[in-house]
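None of the figures in this text is laboratory data; all of them are computed from the coordinates on show. It should be emphasised that the depicted structure is a prediction, and the values quoted were computed from it without experimental measurement. Here the Cβ is made from the backbone with ideal geometry for all residues, glycine too, and neighbour counts use every protein chain on show.
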Amino acid sequence: MSDIGLHLVNSLYQQLMIDDQWALRRERGFTWWSYRLAQHVEVSPPFMSQGTEVCRVRMWTETVGAVDPNLDPARVVAAFNTHATLDALVWDPERAMLNRCSTGVVHAENFVWLSEVLATAAILQNAAAHNQAQELARMLNGEPAASNHPRSGVRPVGDGILDVPSQVVIREGAYGSRFAGPRMADLGGFLVEMRFLGSADEENLTCEVPYTQNEPVSVTCRGTSLHRTQWWTSLSTHGLRAAGSVADSCAQLRGSHRQPRSLRRLLPHAISDHRAPRRPNTATCPNRAPNDRASSSVRPNTARLSSL
């Protein structure tokens, strides 16, 4: 595989089923509008890391602009990020802006599964940004970072992809993890081998991952040897279950009883099922508790931005 970064850009564009009308493509990335907020994807040129050619990918959705720095945005962001999974709010003091951001490092050996995890992360990030923009703007005396496509103008209704978190991810979260079982318990020995402080049983894994040079360190298995690779720890610990869960639920939504093997094949079908024009503020989770803030981060409320 030549430039893995270019392959990733094309893969994400296809998995998200982006309409060209609402996108701006670049050689190493793209920007698109699922509704009122712009989401960006950029990959770096290839570089060598521990003998492997890799590319760094960044995805971010502009959420709130013109933030008042005197209101301590970092404190507000920290509170919201207690519910972070595949992305997090990031305060940019130079631009006085809040963005929802995800990042990772891709190479030939992790491309297949990581590209699917990144597609899931992009969906969750985009929906959460639309849902939280008005509230964050009010708290920080800012403005939702609404913008329009330079040629197509204002997008009148949200893309159906914004419904995927509420219709797929949240519902899947009601079930137990597919990683529970003896293999999960066996990770206890792995923690000891790696000298990580933590514990594991058949249902839970808790550990402290060391940080070096301000970058989290994740350890993955390559054959019989251990390969150390630096990338976003949250992506590694949460991503595998997220990708599998979305894929399985998408199959259920389509009436399939086969166990899915590729999110790349299944997610677009689930998205297309939800892409019919919709009225804003109709994405709801029937089982969501009134005070369930964790669920609200992925439940789009596009009516809040409809007048911008």
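Normalise the Debye intensity by I(0) for the range 84-167, one equal point scatterer per Cα, no solvent, then take log10 at q = 0.21, 0.25, 0.26 Å⁻¹ and round to two decimals.
Per q value, in the given order, log10 I(q)/I(0) is -1.14, -1.27, -1.29.
Please list, in order, the residues from the range 170-188 whose amide nitrogen is less than 15 Å from a point placed 7 Å along the Cα→Cβ vector of Met194.
Answer for this model: 184-188.
Quick one: plug the Kirkwood hydrodynamic radius of the range 59-199 (C-alpha pairs) into Stokes-Einstein at 25 °C, 0.890 mPa s, and report D in µm²/s.
Values: Rh = 17.7 Å.
In µm²/s, the coefficient rounds to 138.
Using only the Cα atoms of the range 17-58, what do you get for the radius of gyration and for Dmax, in Å?
13.4, 42
Could you work out the per residue convex hull volume over the alpha carbons of the range 1-79, in cubic angstrom?
Hull volume normalised by residue count: 152 Å³.
Take the Cα radius of gyration of the range 1-133 and divide it by 2.2 N^0.38 Å, with N its residue count; two decimals is plenty.
Numbers: Rg = 15.4 Å, N = 133, 2.2 N^0.38 = 14.1 Å.
With N residues counted in the range 1-133, Rg over 2.2 N^0.38 Å equals 1.09.
Over the residues of the range 48-100, compute the C-alpha Rg and express it relative to 2.2 N^0.38 Å. Mind showing how you got there, number by number?
Values: Rg = 14.4 Å, N = 53, 2.2 N^0.38 = 9.9 Å.
The range 48-100 yields a ratio of 1.45.
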